[in-house]
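Colleague: This is the structure I want to talk about, given as structure tokens.
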Amino acid sequence: MIRFLIKGLLKDRSRSLIPLIVTSFGVMITVVLHSWLTGIMSESLELNANITTGHMKVMTKAYSEVMDLSPLNLSIIGADSLVKGLKKSYAGTDWVKRIRFGGLVDVPDEKGETKAQGPVVGWSLDLLTKGTKEIERFNLKKSLISGSLPKKTDEGLLTDVFAKRYNIGIGDTFLLFSNTFEGSMSFTNFTVAGTIRFGSEAIDRGALIIDIKAAEKSFNMEDSAPEILGFLEHQYDDEKVNLISEDFNSLYRNNDDEFRPYMIRMRDQNDMGSIIDYSQAIGTLMVAIFVGAMSVVLWNAGLLGGLRRYSEFGIRLAMGEEKIAIYKSLIYEAILIGLIGSITGTISGLGISYYLQEKGIDISNLMPNSSILMPQIARANITIAALYIGFIPGLVSTVLGAVISGIGIFKRKTSMLFKELEV
Amino acid sequence: MREAIIRLESVSKLYPTGSGNFRAINNISLVFTKGEFCGLVGPSGSGKTTLLNILGSLDTPTEGTAKVLGRDIGKLTHKESAQLRNYHIGFIFQTYNLLPVYTVFENVEFTLLLQRKTAVERKKLVMDSLEWVGIADKAKSMPAQLSGGECQRVAIARAMVKRPDIVLADEPSANLDAENSIRIVETMKQLNMEFLTTFIFATHDEKVMKFLDRIIHLKDGMVELDKIINKTS
Ligand SMILES: Nc1ncnc2c1ncn2[C@@H]1O[C@H](COP(=O)(O)OP(=O)(O)OP(=O)(O)O)[C@@H](O)[C@H]1O
Ligand SMILES: [Mg+2]
């Protein structure tokens, strides 16, 4: 009997192949959509982490309370050994000093007199150490409009808009006026190595990137840093970051020195917490809507499959099969199809997501210009949820469709099912 | 007198309609005996199909009692009525109603699967009944490859394979040409004589009628005339 039913299932494509394709396609799309949305969300979080927040950040307790002002005089002293210690304590993580500063760029003429002056915001990061990941974090290679990356501490990168406006080119020198650690004036000469684009008009109007060593020297900040940014090996992970920050802060629990190191998480900064939660909620909502739509489609497919077969059921009843046996066979068929469809859908969805995660889609070509603030490659991100987000609705809705359409077998009188045999 | 295998006593079937109940069968009392070859004739809407459905335990009478092989149709459980159909009643339809995805052999075999017969038994019984209707050579064909007459033969084989007591046939020749109609009825008549299976037809077909040994005329759900044509015993 079972062989008989399976044979019927295999031979009748509209009963097997079509629902199978519908189910597995729906499940596949759900899995890919989920991974893709998760990927896009984490991509934009990463962008933020790379430029400003890090996955975590260490600073002095005092600095952390007025972080928005970035007061250099509240910097961590002994930052180099702290960085070393952090790298050692938390395997796989990377820790970097960053100094953000403001200043005036003074462009001299041939005689060395001021030709023009413009305000800049500045970032200093590790550009020169071998194997530094900072260049990648700022996507400097691709954001370069002209010239090259700095090769020496006295070279810097200016935004292209600024350089054009003040008529300063590659190889030209300029003077940076800024403040030292103690608050006195600092003057340092730099040579323009290249020009870049951030992709934000406000920043592109005037920004400067220099090596961290140069900044330390000009601001009198050797071995100190206002902020040490920490990065996990892979993308942001709330749990890991919580563990590390709790562990780190517990070391200083009984220390009430206002200059004690203090670690904050990405979600503690600039409203990132609500952005993280919000984007997760949006992602969940979108997937929920899609899963809902898919369920309705699969359910209807199951329903139609059942209705279409009323004449077959009529014949089987006439032959002396019991209603309950027919109903059961309908549901077993749906379970079989739902299972196979959901498994193949999940596997193929994971396959596509994996490809999108590893290879990504290079979207930099879609933009007129590459820039620091645009993700270059859109990637999917496979999470555990991808294993069940398509599978469960795929299976449940297929089976539910059969369960509900099958109720019709009972509701209808035998003679009515039978009537449908007469054409 | 042969043994009575179906007894209807004051059977009525009422369908609820907008304006009260409609009597599709109205107070019918009839007895059918073993080995009868009997036709229900009458205009469209006279209640032929309704009556066959009650005899086949696909429907129940609203009033009166219908006893088939001693069982009260109105009181059977789903399981009992399925059993009755599975072992004792064969059906033949106007539109053949073969399962399109199965071969001729499998279509006929299905009833026996429900009876949990072994593969060897099934093979023997199926091939025998295909022999009776003269299409054993088409056992492996699909229904779509057969002519209408051949399909109806498969349907007869399917009804006969379980050696039922009763075969109910609703307009079995209505979709067939004259020659095929006659051949089909001849085949059924032969089986009727050989196995003493009771055949009850609903039919309009004059060609069929001359084979019948009893004709029951229905009109508006009532028996208008019950005529025995040539008594065979
Ligand atoms: N489920 C139902 N609900 C209401 N009325 C019904 C139902 N089934 C049948 N009838 C009515 O009962 C009457 C008898 O129907 P039945 O199908 O038995 O006629 P019939 O003699 O088989 O006709 P035909 O020769 O056209 O097949 C018809 O008037 C029909 O409209
Ligand atoms: Mg009819």
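Colleague: What is the antiparallel percent of DSSP beta bridges lying wholly in the stretch A:72-225, to the nearest 5?
Modeller: Antiparallel bridges make up about 75 percent of those DSSP assigns within the stretch A:72-225.
Colleague: Could I ask something else about it? For the stretch B:127-233, what is the convex hull volume of the alpha-carbon atoms per residue, in Å³?
Modeller: Convex hull volume per residue, Cα atoms: 114 Å³.
Colleague: So, counting K/R as plus one and D/E as minus one, what does the shell of residues with Cβ under 11 Å around A:ARG165 add up to?
Modeller: 0
Colleague: While we're here: Under the Karplus relation 6.51 cos²θ - 1.76 cosθ + 1.60, θ = phi - 60°, what is the ordered set of whole-Hz ³J(HN,Hα) values for the stretch A:174-190, x standing for Gly and Pro?
Modeller: Those phi angles translate into 9, 10, 9, 8, 8, 10, 7, 3, 7, x, 8, 6, 10, 10, 9, 8, 10 Hz.
Colleague: A follow-up question, please. Using the alpha-carbon centroid of each, what span in Å lies between the stretch A:226-300 and the stretch B:184-223?
Modeller: When both Cα centres are located, 82 Å separates them.
Colleague: Based on the Cα coordinates of the stretch A:159-207, what is the per residue volume of their convex hull in Å³?
Modeller: 86 Å³
Colleague: Largest first and to the nearest Å, give the Cα extent of the stretch B:67-171 along each principal axis.
Modeller: Between the extreme Cα coordinates on each principal axis of the stretch B:67-171 lie 42, 33, 23 Å.
Colleague: Projected onto the charge dipole of the stretch A:219-345 (+1 at Lys/Arg Cβ, -1 at Asp/Glu Cβ, origin at the Cα centre), which of A:PRO226, A:LEU243, A:VAL287 gives the Cα projection farthest towards the positive end?
Modeller: Farthest along the dipole direction, towards plus: A:VAL287.
Colleague: May I ask you to compute the full-extension gain from A:ASP223 to A:ASP238, defined as 0.36 nm times their residue separation minus their alpha-carbon distance, rounded to one decimal in nm?
Modeller: That works out to 2.4 nm of additional length.
Colleague: Next question. Could you work out how much longer the chain between B:ASP220 and B:ARG163 gets when fully extended? Use 0.36 nm per residue separation minus the Cα distance between them, nm to one decimal.
Modeller: Extra length from B:ASP220 to B:ARG163 when fully extended: 17.2 nm.
Colleague: Would you mind computing, in nm to one decimal, how far apart the modelled labels at A:ALA293 and B:GLU3 are, each placed 7 Å from Cα along Cα→Cβ?
Modeller: So the two model labels end up 6.6 nm from each other.
Colleague: If you don't mind, there's one more thing I want to ask. Using the Cβ atoms and a cut-off under 12 Å, what net charge is assigned to the surroundings of B:TYR87, where Lys and Arg are +1 and Asp and Glu are -1?
Modeller: With Lys, Arg at +1 and Asp, Glu at -1, the neighbours total +4.
Colleague: For the protein assembly as shown, with the dipole built from +1 on Lys and Arg beta-carbon atoms and -1 on Asp and Glu ones, taken about the Cα centre, which of B:ASN21, B:LEU40, A:PHE190 lies farthest toward the positive end?
Modeller: B:LEU40
Colleague: Okay, next question. Report P(r) for the stretch B:4-228: all Cα-Cα distances, bin width 5 Å, range 0 to the bin holding the largest distance, values in whole percent.
Modeller: Each 5 Å bin holds this share of Cα pairs: 1, 7, 15, 19, 19, 16, 12, 7, 3, 1, 0, 0.
Colleague: With no solvent and one point per C-alpha, what does the Debye sum give as log10 I(q)/I(0) for the protein assembly as shown at q = 0.05, 0.09, 0.10 Å⁻¹?
Modeller: Ignoring solvent entirely, the Cα scatterers give -0.49, -0.80, -0.92.
Colleague: FRET efficiency for A:LYS115 and A:ILE377, Cβ-Cβ distance as r, R0 = 56 Å, nearest 0.05?
Modeller: It comes out at approximately 0.90.
Colleague: How many angstrom separate the Cα center of the stretch A:43-76 from the Cα center of the stretch B:92-168?
Modeller: When both Cα centres are located, 82 Å separates them.
Colleague: Here's something else I'd like to know. Could you list log10 I(q)/I(0) for the stretch B:51-102 at q = 0.24, 0.31, 0.32 Å⁻¹, which the Debye formula gives when each Cα is one point scatterer?
Modeller: Log-scaled intensity ratios, in q order: -0.92, -1.27, -1.32.
Colleague: Cut-off is 10 Å between beta-carbons; in what order do A:GLU134, B:GLU150 appear when sorted fewest neighbours first?
Modeller: Details: A:GLU134 23, B:GLU150 19.
So the ranking, lowest neighbour count to highest, is B:GLU150, A:GLU134.
Colleague: A:THR173 versus A:GLU65, label points 7 Å from Cα toward the beta carbon: distance in nm?
Modeller: 4.3 nm
Colleague: For chain A, what relative contact order do you get, as a whole percent, if you take Cα pairs closer than 8 Å and at least 6 residues apart?
Modeller: 28 percent
Colleague: Same structure again: Per DSSP H run of at least 4 residues, take -39500 (n - 2.57); add these up for the protein assembly as shown, divide by its residues and hand me the 222 nm value, nearest 500 deg cm²/dmol.
Modeller: -14000 deg cm²/dmol
Colleague: If Lys and Arg each add +1 and Asp and Glu each add -1, what is the summed charge of the other residues whose beta carbon sits under 11 Å from the beta carbon of A:ASP362? Display every interim value, and only then the final one.
Modeller: Numbers: positive: A:LYS142, A:LYS359, A:ARG379; negative: none.
Net local charge, A:ASP362 excluded: +3.
Colleague: Take peptide A:307-315, look around each residue's Cβ out to 10 angstrom, count Cβ atoms belonging to other protein chains, and average those counts.
Modeller: Mean partner-chain Cβ count within 10 Å for A:307-315: 2.
Colleague: Still on this structure: Given charges of +1 on the Cβ of Lys and Arg and -1 on the Cβ of Asp and Glu, with all other atoms neutral, how large is the dipole of the stretch B:4-228 about its Cα centre, in debye to the nearest 20? Intermediate values should be presented prior to the final figure.
Modeller: Values: 28 positive and 26 negative charges, 128 e Å.
Charge dipole, the stretch B:4-228, about its Cα centre: 620 debye, nearest 20.
Colleague: For labels at A:SER14 and B:LYS207 in the simple 7 Å Cα→Cβ model, what's the distance in nm?
Modeller: 3.1 nm
Colleague: If you don't mind, another one. Which one, A:ASN167, A:LEU208, A:LEU127, projects farthest toward the positive side of the charge dipole computed for the stretch A:72-225 from Cβ point charges (K/R +1, D/E -1)?
Modeller: Value: A:LEU127.
Colleague: Here is a further query. Report the normalised scattering of the stretch A:72-225 as log10 I(q)/I(0) at q = 0.08, 0.13, 0.17 Å⁻¹, calculated by the Debye formula with identical scatterers on the alpha carbons.
Modeller: Log10 of I(q)/I(0), two decimals: -0.23, -0.59, -0.97.
Colleague: Follow-up. Could you state, as a whole-number percent, how many of the C-alpha pairs of the stretch A:1-151 are farther apart than 27 Å?
Modeller: It works out to 54 percent of all Cα pairs.
Colleague: Please work out the ratio of the alpha-carbon Rg of the stretch A:188-288 to 2.2 N^0.38 Å and round it to two decimals.
Modeller: That works out to 1.49 for the stretch A:188-288.
Only the coordinates and a few stated rules stand behind these numbers; no lab work does. Note that the coordinates shown come from a computational prediction; the quantities given were computed from them, not determined experimentally. Glycine gets a Cβ as well: all are built from the backbone with ideal geometry, and neighbour counts include every protein chain shown.
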